[in-house]
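Working notes for the structure below.
The values are calculated or read from the model by the stated rules, or taken from the named source; none is laboratory data. Just so it is clear, the model here is predicted, and its values are computed rather than measured. Backbone-built Cβ (ideal geometry, glycine too); neighbour counts: all protein chains shown. Heads up: the accessible areas ignore ligands, DNA and RNA and are worked out on the full protein's heavy atoms, side chains in. Shrake-Rupley method; radii C 1.70, N 1.55, O 1.52, S 1.80 Å.
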Amino acid sequence: LTLISTQTASGAASVAFTSGLDSTYDVYCFKFIDINAATNEASFRIEGSTDAGSSYGITKTTTWFYALHNEADTSALLSYAAGLGVANATSPQIIASTLGDDADACTAGELHLFGPSSTTYVKNFYSTTNSYRSDDETQEAFVAGYFDTTSAINAVQFTMSSGNFDGTIALYGISKT
């Protein structure tokens, strides 16, 4: 991994990486560290751009499943989340859902984006996050899919479904060798 840039959000509505995504690396990895939602039950989301962040909303198709366990040890499950995966949607993709807004609640994880500068193939990605949810559960979320464009993706933005957030997001490049 080669660190490209780091952004720290403090009450931010969004964090956008509008540089650093180019043909230097074939794979890029975003690491999320202590992302804390300001609004209870908000979801952490990603969007891509082909015009350096002037607009977002690339069509994507995804799948979403998760494992969870609550603090009271009364429920645990592994499930497909039909409502969180999308088919040919331009809305932001949720990568961590139903976050708690307590001072000690946060989500952490990473997202891998493959071949964003390719002008031949769609842009595959997958994300894994672990979150302290609003209902006192730990949730490991697994999201995978693709941005359905053969244009180069050169910017990525992270937002909450509601309210602002705090935390750190780092962008890394991954070499083939």
**Request:** For ILE4, state whether it is at pLDDT 95 or above, open to solvent by less than 20 Å² (accessible area, probe 1.4 Å) and among the aliphatic types (A, V, I, L, M).
**Result:** no
**Fill in**
Selection from the range 12-26 of residues crowded, with 17+ Cβ neighbours inside 10 Å and either in a strand (DSSP E or B) or of a type in the set (Phe, Trp, Tyr) (or both) yields ALA12, VAL15, ALA16, PHE17, TYR25
**Number of the condition not met by PHE44 [criteria: (1) in contact with a strand residue (DSSP E or B) (Cβ under 8 Å, 6 or more places away or on another chain); (2) open to solvent by 60 Å² or more (accessible area, probe 1.4 Å)]** = (2)
**Request:** Determine whether ILE35 is of a type in the set (Val, Ile, Thr), open to solvent by 40 Å² or more (accessible area, probe 1.4 Å) and touching a residue at least 40 places away in the same chain (Cβ under 8 Å).
**Result:** no
**Message:** For the range 79-89, give me each residue that is out of contact with any Asp or Glu (no Cβ under 9 Å at 6 or more places or on another chain) and surrounded by fewer than 17 Cβ atoms within 10 Å (Cβ to Cβ).
**Reply:** SER79, TYR80, ALA81, ALA82, GLY83, ALA87, ALA89
**Prompt:** ALA103: open to solvent by 40 Å² or more (accessible area, probe 1.4 Å) and small (Gly, Ala, Ser), yes or no?
**Reply:** yes
**Request:** Those residues that are under 22 Å from ILE174 (Cβ atoms) and part of a strand (DSSP E or B), I need them from the range 115-139; list them, please.
**Result:** LYS123, ASN124, PHE125, TYR126, SER127, THR128, THR129, ASN130
**Request:** Please give the number of the condition LYS176 fails out of (1) of a type outside the set (Phe, Trp, Tyr); (2) over 22 Å from THR18 (Cα atoms); (3) surrounded by fewer than 16 Cβ atoms within 10 Å (Cβ to Cβ); (4) modelled with pLDDT of 95 or more.
**Result:** (4)
**Request:** Go through the range 47-69 residue by residue and tally those that are closer than 14 Å to VAL15 by Cβ and either aliphatic (A, V, I, L, M) or out of contact with any strand residue (DSSP E or B) (no Cβ under 7 Å at 6 or more places or on another chain) (or both).
**Result:** 0
**Prompt:** Can we say SER79 is farther than 19 Å from VAL156 by Cα and part of a strand (DSSP E or B)?
**Reply:** yes
**Request:** Look at the range 31-68 and say how many of its residues are within 15 Å of ALA96 (Cα to Cα) and either of a type in the set (Val, Ile, Thr) or part of a strand (DSSP E or B) (or both).
**Result:** 21
